[in-house]
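The values are calculated or read from the model by the stated rules, or taken from the named source; none is laboratory data. None of these values were measured; they are calculated from a predicted model. Heads up, the Cβs are rebuilt from the backbone with ideal geometry, glycines too, and the neighbour counts pull from every protein chain shown.
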Amino acid sequence: MITLDSQAIIRRLCEKVADVQALQSSQEIEIVTAPIDTKPPLHALVIGINQYKTNVHLAAAVADALAFREYLIDDLRVPEEQITTLLDEQAGRADIIKAFQNLAKPDNGIEHGDPIVIYYAGHSSKVDPPLERAADEPVLCIVPQDTDEADEVVPIPYFTIASLVHRIAQEKGNNITLIFDCSRSAASRDGSERSRFIDKADLPKLRPMQDIDIIQDELSGSSDLSDPTKFGLSLEDMDSHVMLAACGHGEVAFENGTEKYGYFTNALLKLLRSVKVDSLTYRGCAQRLPPLCTRQPQNPVCEGKNIHRIFFNAMVPGAKVSFIAVKLNESNEPCLQAGLMQGITPGSRFSIHESDTPGPTNPSIGTLEVDKVDLFTACLKDMDTGAQLPAACYGRQISYGPEQVLDIFVTQEFVDAAEPDEAWARAFSGNKERFILRPVERDLAAVVLSVNAEKKTTFTLNHPLSVQYGVQTLPTFTNSPIPPVASYVIPILTALSQWNWHLRHTPDSRLFYRQIDLEFYKLELTGEYDDMGNPLFAPIGENLNFGGVVNVVASTEDYYGLRVMNRSAQDLYVYPFDFSATGLDIVYRPIPILDSSAFGPHLLKDEALTIGYGAGGQYPFMFAIDEPLKFDITMLKLFVSTTPTDVQSLEQGGVFGERHVALDGVISDPFKESVWDALTLMLVQRQPHVGEEPAPPQQLENATTESLESRIISLQSLEVEANDISVSALGASLMTTSTIVDQPSFAGRSDEPMLAQARSATAVTSVWFRTPELTQELLSSIHCMRLRTLAKQQAPAGADTTEQTGAYFEISVISSLDGLPKLMPSDTEMTYRSHSAPATPEYEWTDGPIFDETHEMWSNLEVGDCFEVVVCASGRGRVNDANQGSLTFW
């Protein structure tokens, strides 16, 4: 449910109609809420580790564990004696294993079928398998607090945990939920956020026959044909438990060390507190989680055979239960006297009862499903043959509908500016065949609808990379402003609904994404041509895909290509789509057909497919960014399927352009009947820094660059014409070949490396570089700033980074009067912390936060001021080793 404040805002928007009385006549919400006195049979094991004996400390794992424990006690009314909590030194290896084993003991108060939840927040790792498993892939494991080479305490591999969970399921049933807030891959390249991962080089190795005594004991008497230890915890069809993981395979789980929370746990608890947990499936939970605003993609997943089961098998209703009155409407249809405002969506199911009193004396008399919904009512259809409803009855929600919705938060400023129109109320209604706008709190919203200072409509996306690079607010400067008028705004919301759903849509069973590798390369001309006279390209340099993100400098004189390697046992059809984060376009990029045999699968098993280069007249990826944008983002999503599919219905274009055609909002899922999967690559493009202009284009023998580009553009225009989407409508998306307009740039750049080394707790600072002085023209033209560094930090083993310690960078505004940091009217120095240097053995690029136009410093700048970048280190033994740096403005 959403708060009264959010409800009131939506209500005010929908009341901006010609006939207010007509709307108000249906606004009587009839919900009866009753407390539940019985204690739920849920038992929990909660583990959180910050203070590791020999490894890098964390800042928020214990806080996450305590927050989850608080949710169990306060929101679900779980008695404290049913919760085992292990924090820091309590969470040694032996302690964790014993706590798992205790859950399986007889006479421990846990009955067969009772819900069990196991929560872990802390470090994880991927280590080499024991010798007898040498043929296996690296082994995932959690890292106990006392892990130490000297004491021969090793991590706990997932295959050991699988054996322990298997025994619990044998003894107590398979109503088991695992929630792990830790990583599944190597640490982040970006050092500005802490990741919950320890490199295997810093951990003791697993010994031969690791934990064999525990495993044999836990599997003794098992009648299962398969050995659960063979698969770890992530087997798709496992029946012993459902797992909610903080990230997908190959991804990293991050925490916010300043605010003291893990991004996954924080989002999960906000979601669980906003819904009825006894109506939410595990799959629905993963779908409803908002995007996590981390520096690298972090996509929580749920895995297991029972992902469509209600949380805890619907045995934990929470502190209270709600009954909603059911009445007949003018068409004699049964309708709930509550609607979208109360979070009810098409497809939700309700158990029907004769009274509003919970308990065994008020059993269910049938089940009805929501057919269509508006803001304040929901029409029901019969799910039970011959179900007869009494004159007065009530509905209790038992499941949510499909997640084909756009979670939206509308600001009061938008409501005040919006022109009256009955279409606002109609926008918040619909059925299962169409996308639904669902009002939620700001933290859970995929988009915030508001207005800017000029009272024009803004759509602010909660998309992590868009937020990171400052392009989350649409439309961009390159598009025309949107008035707060329903006929303009609602079609864009419809397009945004489709863009968001198709981008996030994945199948229930992920069969291929761990067996397909995406590699992205810069290309060079080979000097050769195919039979059609098209130039051929070949990859150069290293794979640019790091953690699902590719960073490139936008230039129409640079070419890129994608290599897709299929390690699965299936031949697959491939359907690549470009999702523009600034234009909301969805553009299909068909695979060229070479001959009649190409009508079969594009991607054969154990073979590779190239996109953007190779035979078949493929043209490469090219990037350009329209001024005044400095960054742009495109998601390259590859849908793969075992059968051919017509995918044209997914495309949309010109969302913010004059040629935009209103969409009907009908849900299109071309892969609904297929065995399919999807992989996404984030392509981040930026304008070149000063001195980083692209090299002159390569010259082909007997050919000019102009003739090469004309061929590429010709190929492009053919595809664009076929798709009826203009190049200009693509904005700053992929394959744009418009020329970047050179404009005067203002920036600061380092001339040489700089080192700051602390020998005590006192901070050591070294001035690195300054920008030129500000002119009046610059003061009126720049509004955003970001520092980018190539650096690394060193610290004593086991040292923890806090607000007072670490290796980091500061930016100061320097006064032209005395050459010192400028003072605010409050006598506070205008010095601001940017970001930390990454704790990695090699130099790595890190982008600091964007200081945008809302920052206090912009209103206190004067002609003659300049910016100074300082390298800082604090805490004994801390070293900030800065190799290169640039301060960019736009």
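Looking at region 763-790, I want the residues that are farther than 30 Å from P838 by Cβ and have a partner that is part of a strand (DSSP E or B) and at pLDDT 90 or above with Cβ atoms under 7 Å, at least 6 apart or on another chain. Which pairs are those?
As it stands, the answer is E773/C866; L774/C866, since those pairs meet every condition given.
With respect to D827, determine if the residue is in a loop (DSSP other than H, G, I, E, B) and in the same structural domain as R759 (by the TED database).
yes
Could you list all residues from region 845-885 that are touching a Gly at 6+ places or on another chain (Cβ under 7 Å) and over 17 Å from T831 (Cα atoms)?
Within region 845-885, T846, G875, R878 qualify.
Counting only residues that are assigned to a loop (DSSP other than H, G, I, E, B) and touching a strand residue (DSSP E or B) at 6+ places or on another chain (Cβ under 8 Å), which one in region 250-282 is farthest from V78 (Cα to Cα)?
Here the residue is V252.
Do we have any residue at all in region 831-849 that's touching a His at 6+ places or on another chain (Cβ under 9 Å), over 11 Å from F809 (Cα atoms) and surrounded by fewer than 19 Cβ atoms within 10 Å (Cβ to Cβ)?
yes
Let's see how each residue does on (1) within 16 Å of D374 (Cα to Cα); (2) in the same structural domain as F546 (by the TED database); (3) out of contact with any Gly (no Cβ under 6 Å at 6 or more places or on another chain); (4) part of a helix (DSSP H, G or I):
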position	(1), (2), (3), (4)
G284	no, no, yes, yes
T294	no, no, yes, no
Q298	no, no, yes, no
V316	no, no, yes, no
K327	yes, no, yes, no
C335	yes, no, yes, no
M341	yes, no, yes, yes
I344	yes, no, yes, no
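I'd like the residue in region 443-481 that is under 17 Å from I850 (Cβ atoms) and assigned to a loop (DSSP other than H, G, I, E, B) and, out of all such residues, is modelled with the lowest pLDDT.
That would be F477.
Kindly provide the set of residues from region 454-478 that are over 16 Å from N500 (Cβ atoms), aromatic (F, W, Y) and either over 16 Å from the mean Cα position of the chain (by Cα) or outside the structural domain of E441 (by the TED database) (or both), ordered by number.
Selection gives F477 alone.
Which one of D107, D37 is surrounded by fewer than 20 Cβ atoms within 10 Å (Cβ to Cβ), in the same structural domain as A253 (by the TED database), acidic (D, E) and at pLDDT below 95?
D107
Restricting the search to region 850-871, which residues are touching a Ser or Thr at 6+ places or on another chain (Cβ under 7 Å) and either outside the structural domain of Y808 (by the TED database) or surrounded by fewer than 19 Cβ atoms within 10 Å (Cβ to Cβ) (or both)?
Passing the criteria: V863, G864, C866.
Which residues, taken from region 872-890, are modelled with pLDDT under 85, more than 33 Å from the chain's Cα centre (by Cα) and either surrounded by 20 or more Cβ atoms within 10 Å (Cβ to Cβ) or among the hydrophobic types (A, V, I, L, M, F, W, C) (or both)?
none
Considering only region 406-416, I want to know if a residue exists there that is of a type in the set (A, V, I, L, M), farther than 18 Å from I344 by Cβ and surrounded by fewer than 22 Cβ atoms within 10 Å (Cβ to Cβ).
For region 406-416, residues of a type in the set (A, V, I, L, M), farther than 18 Å from I344 by Cβ and surrounded by fewer than 22 Cβ atoms within 10 Å (Cβ to Cβ): absent.
Could you tell me which of the residues T294, T265, T258 is surrounded by fewer than 20 Cβ atoms within 10 Å (Cβ to Cβ) and of a type in the set (S, T, Y)?
T258
Please state which one of S760, S816, S812, S766 is at pLDDT 85 or above and assigned to a loop (DSSP other than H, G, I, E, B).
Sole residue among the options that is at pLDDT 85 or above and assigned to a loop (DSSP other than H, G, I, E, B): S816.
What number of residues within region 366-392 satisfy the criterion of being under 27 Å from A425 (Cβ atoms) and either at pLDDT 85 or above or more than 38 Å from the chain's Cα centre (by Cα) (or both)?
Residues flagged as under 27 Å from A425 (Cβ atoms) and either at pLDDT 85 or above or more than 38 Å from the chain's Cα centre (by Cα) (or both) within region 366-392 amount to 12.
Determine, yes or no, whether V485 is touching a residue at least 12 places away in the same chain (Cβ under 8 Å) and touching a strand residue (DSSP E or B) at 6+ places or on another chain (Cβ under 6 Å).
Criteria not met by V485.
In region 513-537, which residues are modelled with pLDDT under 85 and of a type in the set (A, V, I, L, M)?
M532
Of the residues in region 493-522, how many are touching a residue at least 40 places away in the same chain (Cβ under 8 Å) and either among the basic types (K, R) or more than 27 Å from S185 (Cβ to Cβ) (or both)?
10
If you check D421, D416, D382, which single one turns out to be closer than 29 Å to N313 by Cβ and either assigned by the TED database to the domain that holds A581 or charged (D, E, K, R) (or both)?
D382
Checking A99 against (1) among the hydrophobic types (A, V, I, L, M, F, W, C); (2) touching a helix residue (DSSP H, G or I) at 6+ places or on another chain (Cβ under 7 Å); (3) modelled with pLDDT of 95 or more: exactly one of these is not met. Which one?
Going through the list (1) among the hydrophobic types (A, V, I, L, M, F, W, C); (2) touching a helix residue (DSSP H, G or I) at 6+ places or on another chain (Cβ under 7 Å); (3) modelled with pLDDT of 95 or more, A99 breaks only (2).
What tally of residues in region 402-430 results from selecting those that are in a loop (DSSP other than H, G, I, E, B) and farther than 16 Å from S497 by Cα?
The total comes to 6.
Hey, does region 94-103 have a residue that's in the same structural domain as A150 (by the TED database), closer than 21 Å to P317 by Cβ and touching a residue at least 40 places away in the same chain (Cβ under 8 Å)?
no
Return the residue satisfying two criteria in turn: it lies in region 385-405 and is buried (at least 20 other Cβ atoms within 10 Å of the Cβ) and of a type in the set (S, T, Y), and of such residues it is nearest to A314 (Cα to Cα).
S399
Those residues that are more than 19 Å from T265 (Cβ to Cβ), among the hydrophobic types (A, V, I, L, M, F, W, C) and under 33 Å from the mean Cα position of the chain (by Cα), I need them from region 104-129; list them, please.
The one that is more than 19 Å from T265 (Cβ to Cβ), among the hydrophobic types (A, V, I, L, M, F, W, C) and under 33 Å from the mean Cα position of the chain (by Cα): V127.
Tell me whether region 374-383 contains one or more residues that are part of a strand (DSSP E or B), among the hydroxyl-bearing types (S, T, Y) and crowded, with 19+ Cβ neighbours inside 10 Å.
Scanning region 374-383, I find no residue that is part of a strand (DSSP E or B), among the hydroxyl-bearing types (S, T, Y) and crowded, with 19+ Cβ neighbours inside 10 Å, so the answer is no.
Check R876, R833 and return the single one that is among the charged types (D, E, K, R) and either part of a strand (DSSP E or B) or in contact with a helix residue (DSSP H, G or I) (Cβ under 7 Å, 6 or more places away or on another chain) (or both).
R833
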